[in-house]
Amino acid sequence: MEAALVGRLEAAVSRLEAINARALPSAVPHDLVDYASAAQDPAILAFDDLVADAVGRVSATAGKIGAEVAEVTSVLEKAFLVGKDLLIRTKQTQKPTAESVAVFMGPLNETVLEANTLAEGTRSNHANHLKAAAGSLAALAWIGYTGKGCGMPLPIAHVEESWQMAEFYSNKVLVEYKNKDPDHVEWAKALKELYVPTLRDYVKRFYPLGPVWQPPGSAANKAPSAPCPPSASLVSSSATSSQPKAGMAAVFAEIGSGKPVTEGLRKVTKDMKSKNRTDRTGIVSTEGKQSRSVSAPSSTKGSPPAKFELQMGRGWVVEHQVGNKGLTIEDCDTKQSVYVFGCKDSVLQVRGKVNNITIDKCSKMGVLFKGVVAAFEVVNCNSVEVQCEGLVPTISIDNTSGCQLYLSNESLETSITTAKSSEINALVPDVKSEGDWTEHSLPQQFIHAFNDGQFTTTAVCHSGA
């Protein structure tokens with residue numbers, strides 16, 4: 001078995017080298033000597049090792065699964081090779097302006113959009129695989145980091161935050177195939193290890209403050225232009241955008257324009273909070289503000305208008321969002337609450353700790369959050385998935401049918417209260433196998449017996465519990 005695994009890894013590495021060899025002629029700048037010299041930089045050589053090792057493991061496992069999983073993993077390979085070419089070019093290029101960074105990142109955006117196309121609207125049995133792989137590629141956008149105000153956090157934080165959204169889908173793969181097919185579990189684990197810790201640690205070692213650009217005034221400096229992608233098949237008419245966006249906002253817009261994971265991603269900045277506004281109306285509007293991706297109305301015809309706003313600086317309101325997988329609240333604090341109402345087939349990510357979160361009358365809703373001071377509540381919902389990464393004192397589930405709770409090690413001390421609810425499952429990290437989840441079904445049936453002048457209540461044990 002070990003010999004077969006080694007053979008698959010060697011085959012995957014050979015395929016990566018073949019792709020790289022085909023990519024190089026069209027990607028090499030006119031000055032071959034400078035490019036070759038930059039390619040021997042220790043940071044670039046370490047990136048080669050990352051591709052051969054970590055990406056190679058994902059590719060080898062995908063080969064065992066085949067079908068769409070192998071296809072989307074192939075696109076992932078291309079994205080990392082394009083990323084390598086861009087890293088080499090940063091050493092020969094002045095730091096891009098807000099207008100030119102999107103052009104510089106164009107080849108990477110094209111490859112990400114190719115993965116998004118595979119994941120978008122699919123009804124495949126491997127839909128979660130496709131969304132996890134496509135969503136994870138947003139982590140490579142750190143290569144376009146140009147400093148504060150560019151529209152993204154520091155590279156290390158960006159890699160971690162980008163993976164958190166992709167992990168929402170990779171966890172589904174782990175749970176679905178844990179007792180069915182070890183190849184799928186191995187693929188999901190390899191995908192996570194590629195980003196956390198491998199890519200994160202690579203960025204921490206070589207690029208904690210972003211890429212190293214050519215200093216101003218260097219003779220080798222040239223205005224950033226779109227480098228040729230490693231394959232003609234990656235070129236499409238969407239390489240440049242006619243929308244009036246600039247900087248990393250344009251990069252995120254292009255990356256998110258075709259994928260469910262980041263579709264409709266909206267960010268409310270500090271100056272949009274009511275406490276910092278001059279009109280003091282108490283309602284935050286995104287009109288005239290630049291978002292990180294194309295913001296399209298998510299409510300359907302005849303339905304109530306969709307809302308995504310901070311009211312009076314105290315409470316976030318997310319209402320009637322439909323099919324919006326990229327709702328993100330970033331600039332929040334422990335004095336604020338989050339209220340989600342009437343949303344369907346959407347995903348909300350809360351990237352900071354807040355006071356409390358309430359999910360009301362939602363269906364097919366996913367929520368990822370860092371932690372809360374008071375409580376997380378699910379009321380009158382159907383088919384919701386919740387992933388907590390930090391501390392949460394209380395989780396309350398009332399009148400809900402179908403709720404999956406993913407609890408991290410930090411949130412295992414939470415108290416869970418349920419009432420009039422069914423199909424409630426709590427998933428916790430498996431102590432025997434790192435990266436796996438152990439699923440526990442919470443009781444929904446009880447036996448009430450009259451003994452010694454009073455009723456006693458015990459839960460009905462589930463089979464296999």
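A few comments on the model shown:
- Counting 0.36 nm for each residue step from Ser415 to Arg314 and taking away their Cα separation leaves a gain of 33.8 nm.
- Rounded accessible area per residue of segment 369-465, 1.4 Å, Å²: 56 Å²
- For segment 362-460, the relative contact order comes to 18 percent (Cα pairs under 8 Å, sequence separation of at least 6).
- Taking label points 7 Å from Cα along the Cα-to-Cβ direction, Lys180 and Phe450 give a separation of 4.7 nm.
- Relative contact order (percent, whole number), segment 136-207, Cα cutoff 8 Å, 6+ residue spacing: 33 percent
- Pairwise FRET efficiency - Thr358 versus Asp49, Cβ, R0 = 56 Å, nearest 0.05: 0.75
- Of the peptides 152-160, 39-47, 72-80, the order by per-residue mean of other Cβ atoms within 10 Å, starting with the highest, comes out as 72-80, 152-160, 39-47.
- Across the options Ala139, Val69, Gln92, the greatest Cα extent toward the positive end of the charge dipole of segment 60-157 (unit charges at beta carbon of Lys, Arg, Asp, Glu) belongs to Gln92.
- Element breakdown for segment 323-465 at a 1.4 angstrom probe: carbon and sulfur atoms account for 48% of the accessible area.
- Full-stretch length increase - Arg205, Asn399 - with 0.36 nm per residue and alpha-carbon distance subtracted: 65.0 nm
- List Asp333, Asp53, Asp430, ordered by accessible area with a 1.4 Å probe, largest first: Asp53, Asp333, Asp430
- In plain terms, the chain from Ala157 to Ala459 could stretch by 104.4 nm, reckoned as 0.36 nm per residue minus the Cα-Cα distance.
The values are calculated or read from the model by the stated rules, or taken from the named source; none is laboratory data. Here the structure is a predicted model, which means the values were calculated and not measured. When we count neighbours, we look across all protein chains shown, and the Cβ atoms used for this are built from the backbone with ideal geometry, even at glycine. Heavy atoms of the whole protein, side chains included, go into the accessibility calculation; ligands, DNA and RNA do not. Shrake-Rupley method; radii C 1.70, N 1.55, O 1.52, S 1.80 Å.
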